[in-house]
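All remarks here apply to the structure that follows.
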Amino acid sequence: MKEIVLVSGGAGYIGSHTAVELINAGYDVVVADNLSNSDMSGVEGVRKITGVDVPFVNVDCCDKEAFRKVFEQYNFSSIIHFAAYKAVGESVADPMKYYRNNLTSFMNVVDLMREFGRPNIVFSSSATVYGEADELPVTELTPRKPATSAYGNTKQMCEDILRDSVNAYEGLKGISLRYFNPIGAHPTALIGELPRGVPQNLVPFITQTAAGVRECLSVFGDDYPTPDGSCLRDYIDVVDLAKAHVVAITRMIEDKNKTKYEVFNIGTGNATSVLELVNSFERVNELKLNYKVAPRRPGDVVSIWADTTLANEELGWKAERPLDDTLQAAWAWEKNVRGIK
Ligand code: UD1
């Protein structure tokens, strides 16, 4: 019998890539998603890439009764919970939307995993929990800073809910993966990031500018105390990131976790500036990007990148894909979406 993994939010960007890697690793996958910020193309892409008719359930994880039916229908041992709102700015403008959705759905996950005696929970956390860190690169022991957005606060609160729950309740185990900046797309260009409206994140804005959908990319600030004045981030390929989830799930299924609750940074360990990223995108894809330097974006941290020693040594996971390949994949995906040759 194959182990089944429930992927909530599995129609979305990181969820769909993770579903592919789980299947590649020999797991059965069930995707649960309410398609509030995605559509069936993500699931269709997973099916096409893997040749597996992955089961899909249209369900809102906040609707506990509807969500319970998924637990009744499928005997999964493990869940990877991606389903959440993720726009930082929107969360500042409408915090209750974020608290209600992101906390309710995660509390339902924990309640139902307990109720049905299912042990393993992987939570999608974020480097945002570190805020403007006192030391760089950040390790898992670097203190978290008070969140500056409701989105960031839900990440911290869900981490705490998971930690307290697995420590209190027999039979539950949890891993929080703190993602740095996920970018890129599957090498087949069949799945990738599909932002609705104007992209807030850097790489989708770059690819849409290259495609002519956006006129000009604004580089938010070139007067930061960094080598070229633009912010530093740790850009992690989405396929590498997806593989980290497989390793985390396997670790719990095989009972190799050291403690009931664990946290891992998932990044490359490299710092890349916004201007470097833009220049690399132009170089590897042999095009010119229309961009200008604009004022700093409120709320941005200056620099953050990961110390990935713990994930490297404990999980045996390491980011592998070179940034150039990732930027080519991001452009191939955008071209595919836009029908550009
Ligand atoms: C943000 C969130 C992070 C979340 C991630 C994905 C914070 C502090 N960070 O990361 O938790 O997981 O989004 O949703 O809440 N930039 C430009 N021009 C643009 C867009 C971005 O110059 O048009 C710059 C930004 O100023 C930043 C870098 O590119 O320096 C990366 O920005 P972005 O992709 O939005 O990610 P983060 O803000 O790092």
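The values are calculated or read from the model by the stated rules, or taken from the named source; none is laboratory data. Keep in mind the model is a prediction, meaning the values are calculated, not measured. With ideal geometry, Cβ positions are generated from the backbone for all residues, glycine too; neighbour counts draw on all protein chains shown. To get the accessible areas, we keep the full protein, side chains included, count just its heavy atoms, and leave off ligands, DNA and RNA. Shrake-Rupley method; radii C 1.70, N 1.55, O 1.52, S 1.80 Å.
Brief remarks on what is shown
- Average accessible surface for the chain: 43 Å² per residue, computed with a 1.4 Å probe over protein heavy atoms with every protein chain in place.
- Hydrophobic long helices, here whole DSSP H runs in the chain with Kyte-Doolittle means of at least 0.0 and Cα atoms spread over 20 Å or more along the helix axis, are found at 238-253.
- Remark: spin-label model distance Asp325-Lys64 equals 4.5 nm, labels positioned 7 Å along the Cα→Cβ axis.
- Rounded to the nearest 0.05, the FRET efficiency derived from the C-beta distance between Ile340 and Asn24 at R0 = 22 Å is 0.20.
- With the simple model of a label 7 Å out from the Cα in the direction of the Cβ, Lys256 to Asn279 spans 4.0 nm.
- The spacing between the range 128-163 and the range 276-312, judged by their C-alpha centroids, is 21 Å.
- Take the Kirkwood radius over Cα pairs of the chain, plug it into Stokes-Einstein at 4 °C and 1.567 mPa s, and you get 64 µm²/s for translational diffusion.
- Spread of Cα-to-Cα distances over 10 Å intervals beginning at zero, given as percent, for the range 193-290: 13, 33, 29, 16, 8, 0
- Computed about its Cα centre, the charge dipole of the range 114-266 is approximately 580 debye, with only Lys, Arg, Asp and Glu carrying charge at their Cβ.
- Computed over the range 237-341, the percent of Cα pairs more than 24 Å apart is 43.
- Full extension of the segment from Glu215 to Arg114, taken as 0.36 nm per residue of separation minus the current Cα-Cα distance, would add 31.4 nm.
- With all protein chains in place and a 1.4 Å probe, the accessible surface of the range 83-186 carries 53 percent carbon and sulfur.
- Cα-centred dipole magnitude for the chain, charges only on beta-carbon of K, R (+1) and D, E (-1), debye, nearest 20: 500 debye
- Label-point separation in nm, Leu287 to Asn167, each point 7 Å along Cα→Cβ: 4.9 nm
- Taken over the range 5-105, the alpha-carbon convex hull comes to 89 cubic angstrom per residue.
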